[in-house]
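Notes to accompany the following structure.
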Amino acid sequence: MFNIKKAIKEMLPVVKSGFTFGVPISNYSHGRNPKPVLSIKSSVKPFKLFPSLGRPISSSSIQVQSTDQEIVIALGSNVGNRIQNFNEALQLMKNYGMTVTRHGCLYETEPAYVTDQPKFLNSAIRGTTKLKPHDLLAVLKRIEAELGRTSGIRYGPRPIDLDILFYGHLRVNSDVLTVPHERIWERPFVLAPLIDLLGSCVENDTVATWHSFANCQNGLFDIWDKLGGESLIGKEGIKRVLPLGDQLVDWSKKTHVMGILNLTPDSFSDGGMFLEVDDAVSHFRSLVSEGTDIVDIGAQSTRPFAERLTVDQELDRLIPVLDEIIKIPESKGIILSVDTFYADVAAEAVNRGVHVVNDVSGGTLDPKILSVVADLGVPFITMHMRGDPSTMQNCNNLHYGDVCKEVASELYQRLCAAELAGIPLWRIVADPGIGFSKNTEHNIELISNLPIVRREIEKFSLGASHVPFLVGPSRKRFLGEICGKHDPVARDPATVAAVTGGILGGANVVRVHNVGFGVDAAKVGDALLKHRRKADNY
């Protein structure tokens, strides 16, 4: 990591000097002698690459280079199933040799320029390719055509729009391609997801170059701030959303309450209470009547030192209950989550109607779960935990120098692993793992300082710092230690205090056993936040 102001200051003379198509910008090199990088002169003429976009791409037509170049591509869609359009575009990019390394958040935006058309979904991805700039453009146009885009009104409706925002260190200025994209600087719906792909620290030469193109002291951040920055989100025709079933959920509007349905004999709080299908379904109805937004169904205990079930054992507990829940009217409109770290359990649950996969291991106990969830196309809750339930509370896993910084760093690693496996950032929820590999002091530190956890993640990725946060302190041992309550159920008032603290720190989802108390805590927490924001605007 290095200082953004210094990086941009050293890059500006190179950018201001100007250059023309076919002449590369020099590589920013931390004070070393600048070295030339790839020329942008394409060996394939863009006009002749695809005489008809209806024809298949010939592998002999595409010219590749020996080194990967880092790229940023913007995505937009307002025709048909917009999420499906994005998913198919990302898969086709992969098929054509592009590797996606980061995703921006997902934004629903009012149309610009031509306003009489449906709302857009916008995002951006960061990745690598060996395709040269004009060949990359041709492939993106091919993908647009495959997804049904035809020529029409400029800025009008389209199933998919793919634009090259940045390509390595290069500026490109030809008849058919301009990089950086010429309208980046005036479009909040482009800049918002672009900023998501950056960290507050500049991690490499290429990113320093992108900032230098903005010709401002703080690079792209200054451009974003001049347009309104984060204050634009939620108003001015742009909101950050997460796709959930057939809904687009704006997590900033209210705190969502996740009720817990444990189908286990050995969970620390309610083990053995809902082993029978009728009892489990009855409890589900109770959670719904108390106002839950989400029900998290778990058939495997993750309490400290819990014995691990096999996939078949977990499914034997889960499926009979899940099948009955799906049938009842009370399940309509309720988000269903499966609490599992097994890929096969996740797949079976989603295929039977579950909307979200909640993995306490973040993909470490069964790495297949990441690619499976990517293919399933559902949101993924990734949690911070060291080890597994049988080892998470040992001395090594409880050792932290700075718990907020280390949890943020390790949680971000799980977010990255999910993204690289194909789960877009806009389908990820982050959980700092209260009670998992933490002692009482660690838990209090995390709940008190959720903004610090976000800021630490922000250093690596602003988009990752914006994902919804879930906190789950419900009835946990540290609350009993603080309040002198041995009975977990007696910890419900302490749970209210803990989740309210989490909400005030920016938690978007709270996971609780007592949904009635949790809903009230969420309402009070949201009211306090609303008052705080109103006061901040005066």
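The values are calculated or read from the model by the stated rules, or taken from the named source; none is laboratory data. Keep in mind it's a predicted model, so treat the numbers as computed, not measured. Positions of Cβ are backbone-derived with ideal geometry, glycine not excepted, and every protein chain shown enters the neighbour counts. For the accessible areas, the whole protein counts, side chains as well, though only heavy atoms, and no ligand, DNA or RNA atoms are used. Shrake-Rupley method; radii C 1.70, N 1.55, O 1.52, S 1.80 Å.
Going through Phe305, Phe284, Phe341 one at a time, which residue ends up being aromatic (Phe, Trp, Tyr), in contact (Cβ under 8 Å) with a residue 12 or more places away in the chain and closer than 21 Å to Leu376 by Cα?
Phe341
Leu450: aliphatic (A, V, I, L, M) and either surrounded by fewer than 22 Cβ atoms within 10 Å (Cβ to Cβ) or touching a Phe, Trp or Tyr at 6+ places or on another chain (Cβ under 6 Å) (or both), yes or no?
yes
Filter the range 351-385 down to residues that are of a type in the set (A, V, I, L, M, F, W, C), in a loop (DSSP other than H, G, I, E, B) and touching a residue at least 40 places away in the same chain (Cβ under 8 Å), then give me how many there are.
Of the residues in that region, 4 qualify.
Filter the range 266-282 for residues that are loosely packed, with under 15 Cβ neighbours inside 10 Å and modelled with pLDDT of 80 or more and give the result.
Those that are loosely packed, with under 15 Cβ neighbours inside 10 Å and modelled with pLDDT of 80 or more: Glu276, Asp278, Asp279, Ser282.
State which residue pairs qualify: first residue over 12 Å from Phe166 (Cα atoms) and inside the range 205-222, second residue among the polar types (S, T, N, Q) and surrounded by fewer than 23 Cβ atoms within 10 Å (Cβ to Cβ) in any location, beta carbons under 9 Å apart, and separation of 6 or more residues or different chains.
Taking only residues 6 or more apart or on different chains, the pairs are Asp205/Asn27; Asp205/Ser29; Phe221/Ser200.
Only residues that are open to solvent by 20 Å² or more (accessible area, probe 1.4 Å) and of a type in the set (D, E, K, R): list them for the range 411-447, please.
Arg414, Glu441, Glu445
Checking the conditions here, which among Arg102, Arg149 is surrounded by 19 or more Cβ atoms within 10 Å (Cβ to Cβ), among the charged types (D, E, K, R) and under 20 Å from Pro193 (Cα atoms)?
Of Arg102, Arg149, the one residue that is surrounded by 19 or more Cβ atoms within 10 Å (Cβ to Cβ), among the charged types (D, E, K, R) and under 20 Å from Pro193 (Cα atoms) is Arg102.
Quick one: would you say Asp388 is in a loop (DSSP other than H, G, I, E, B), in contact with a Phe, Trp or Tyr (Cβ under 8 Å, 6 or more places away or on another chain) and under 25 Å from Thr264 (Cα atoms)?
no
Residue-wise test of (1) surrounded by fewer than 20 Cβ atoms within 10 Å (Cβ to Cβ); (2) out of contact with any helix residue (DSSP H, G or I) (no Cβ under 9 Å at 6 or more places or on another chain); (3) closer than 13 Å to Pro424 by Cα.
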site: Leu365; (1), (2), (3): yes, yes, no
site: Ile369; (1), (2), (3): no, no, no
site: Ala374; (1), (2), (3): no, no, yes
site: Pro379; (1), (2), (3): no, no, yes
site: Met385; (1), (2), (3): no, no, no
site: Met392; (1), (2), (3): no, no, no
site: Asn396; (1), (2), (3): yes, yes, no
site: His399; (1), (2), (3): yes, yes, no
site: Val403; (1), (2), (3): no, no, no
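Which residue pairs have Cβ atoms closer than 6 Å, lie 6 or more positions apart in sequence or on different chains, and pair a first residue in the range 168-197 that is within 28 Å of Glu108 (Cα to Cα) with a second residue that is in a loop (DSSP other than H, G, I, E, B) and at pLDDT 95 or above?
As it stands, the answer is Pro193/Gly104; Asp196/Gly104; Asp196/Cys105; Leu197/Gly104, since those pairs meet every condition given.
Scan the range 170-179 and tell me whether some residue there is of a type in the set (Lys, Arg) and closer than 20 Å to Leu220 by Cβ.
yes
Out of the strands (runs of 3 or more DSSP E) lying entirely within the range 47-151, which hold 1 or more residues that are out of contact with any Asp or Glu (no Cβ under 6 Å at 6 or more places or on another chain) and either farther than 24 Å from Leu425 by Cα or modelled with pLDDT under 85 (or both)?
Qualifying strands (runs of 3 or more DSSP E): 64-77, 120-131.
Out of everything in the range 510-528 that is surrounded by fewer than 18 Cβ atoms within 10 Å (Cβ to Cβ) and among the charged types (D, E, K, R), what residue ends up being farthest from the chain's Cα centre (by Cα)?
Among those that are surrounded by fewer than 18 Cβ atoms within 10 Å (Cβ to Cβ) and among the charged types (D, E, K, R), it is Asp520.
Among the candidates Ala507, Ala497, Ala535, which residue alone is crowded, with 17+ Cβ neighbours inside 10 Å and either hydrophobic (A, V, I, L, M, F, W, C) or in contact with a His (Cβ under 7 Å, 6 or more places away or on another chain) (or both)?
The match here is Ala507.
Hey, which of the helices (runs of 4 or more DSSP H) in the range 403-508, taking only ones fully inside, have at least 2 residues that are small (Gly, Ala, Ser)?
In the range 403-508, 403-420, 462-465, 492-504 are the helices (runs of 4 or more DSSP H) which contain 2 or more residues that are small (Gly, Ala, Ser).
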